[in-house]
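FYI, it's all coordinate maths here, none of it is from the lab. Computed from a predicted structure; not experimentally measured. Quick reminder, even Gly has a Cβ in these numbers, built from the backbone with ideal geometry, and neighbours come from all protein chains shown.
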Amino acid sequence: MASIKLLKKEINNDIGDLIEEIYLWELSNPDGDLTKSEKLIEEAINVFDDLMVKINAVSGEDLKAQFKNIQKERKKAMSSLLKKSAAL
């Protein structure tokens, strides 16, 4: 990862795009089950918060490995969230 700032920006953009996609789905499907989409938005916000806490807590030796683990977790979480959003 090039920088902490870039990683935070990527996470912010990914989560923001997902939430925007869910809001668009809600607008285009007013008869749909909005409780599921709201739960998915809450889950996305929780993922964002968890990742930011982990980034801010990185310290000590082997910083590169710690950030690689966060990046892997980000990809895994986004994959899961995207699958859930596709199931709406």
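Restricting attention to segment 36-59 and to residues that are polar (S, T, N, Q) and outside any loop (DSSP other than H, G, I, E, B), the residue that is nearest to the chain's Cα centre (by Cα) turns out to be Asn46. Summed over segment 1-20, the residues that are loosely packed, with under 14 Cβ neighbours inside 10 Å and within 15 Å of Ala87 (Cβ to Cβ) give a count of 0.
Across segment 21-35, the qualifying residues are those that are part of a helix (DSSP H, G or I) and over 21 Å from Lys76 (Cβ atoms), and the one among them that is nearest to the chain's Cα centre (by Cα) is Tyr23. Restricting the first member to segment 49-62 and to residues that are under 18 Å from Gly16 (Cβ atoms) and touching a residue at least 40 places away in the same chain (Cβ under 8 Å), and the second to residues that are surrounded by 11 or more Cβ atoms within 10 Å (Cβ to Cβ) and among the small types (Gly, Ala, Ser), the beta-carbon pairs closer than 9 Å and six or more apart or on different chains are Leu51/Ala77.
Only one of Ile4, Ile45, Ile41 is in contact (Cβ under 8 Å) with a residue 24 or more places away in the chain, of a type outside the set (D, E, K, R) and in contact with a helix residue (DSSP H, G or I) (Cβ under 7 Å, 6 or more places away or on another chain); which?
Ile4
Go through the residues of segment 33-52 one by one and say whether even a single one is under 18 Å from Leu7 (Cα atoms) and in contact with a Leu (Cβ under 7 Å, 6 or more places away or on another chain). Yes, some residue in segment 33-52 is under 18 Å from Leu7 (Cα atoms) and in contact with a Leu (Cβ under 7 Å, 6 or more places away or on another chain). Of all residues in segment 2-35, those that are polar (S, T, N, Q) and farther than 26 Å from Asn56 by Cβ total 3.
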